[in-house]
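Just below is one structure, and these are the notes that go with it.
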Amino acid sequence: MVWRIKGCLLFLLILSGCRVNYSFTGASVDPSIKTVSILQFENKAPLASPTLSPLLTEKLRDKFVSQTSIRVINNEDLADIGYRGSIVGYEVAPAGFSGNDQSAALNRLTISIEVTFFDKKEKSKSWQQRFVRYADFSGSVPLGSVESTLVNDISKQLAEDLFNKSFVNW
């Protein structure tokens, strides 16, 4: 019994000396990172939903608030890490056809973003990448009636992708 307690204490001491924080999300964040800057995504895509830019930005900010102790700030110069990005694609296209007629059974909304991530503490962890996500919807439904739901879902997926690319070793 005493050996078990000593073993547990030793294990806790070893863990407390580690430089990397671990969480149940699978993310490993350097505890010296205290602040993140997430600039509003610039909308460069023609015909994109006007709510997409602020919604995507807010989803990424929410991800940090809910899953890390990193403080979100609005000053890129003072931040330890940060994101800059643009919405570069917003397209609706047929995703599948029904039977013999040529009408689309499914349509697909595809959103593409280009993102730069910077890490001032470890510059080698900085990156620039394009991310693409999509959602399908019934061809018999006009985009306007499902657009806000689709944009919300895709924004959530993109925020997850950005966070994972930055902090989860897949």
| said: Tell me the residue from T110, T57 that is under 17 Å from V36 (Cβ atoms) and either at pLDDT 95 or above or out of contact with any strand residue (DSSP E or B) (no Cβ under 8 Å at 6 or more places or on another chain) (or both), please. | reply: T57
| remark: Going through (1) among the hydrophobic types (A, V, I, L, M, F, W, C); (2) in a loop (DSSP other than H, G, I, E, B); (3) within 17 Å of L47 (Cα to Cα) one by one, V141 fails only at (3)
| note | Restricted to region 135-170 and to residues being of a type in the set (D, E) and out of contact with any Gly (no Cβ under 9 Å at 6 or more places or on another chain), the residue surrounded by the fewest Cβ atoms within 10 Å (Cβ to Cβ) is D153
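Yes/no matrix, rows are residues, columns are (1) of a type in the set (V, I, T); (2) in contact with a Leu (Cβ under 9 Å, 6 or more places away or on another chain); (3) within 26 Å of L60 (Cβ to Cβ):
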{"site": "E91", "(1), (2), (3)": "no, yes, yes"}
{"site": "A95", "(1), (2), (3)": "no, yes, no"}
{"site": "I113", "(1), (2), (3)": "yes, yes, yes"}
{"site": "S126", "(1), (2), (3)": "no, no, yes"}
{"site": "R133", "(1), (2), (3)": "no, yes, yes"}
{"site": "G144", "(1), (2), (3)": "no, no, yes"}
{"site": "D153", "(1), (2), (3)": "no, no, yes"}
{"site": "F163", "(1), (2), (3)": "no, yes, yes"}
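The values are calculated or read from the model by the stated rules, or taken from the named source; none is laboratory data. Because the structure is predicted, anything quoted here is derived from the model rather than measured. Backbone-built Cβ (ideal geometry, glycine too); neighbour counts: all protein chains shown.
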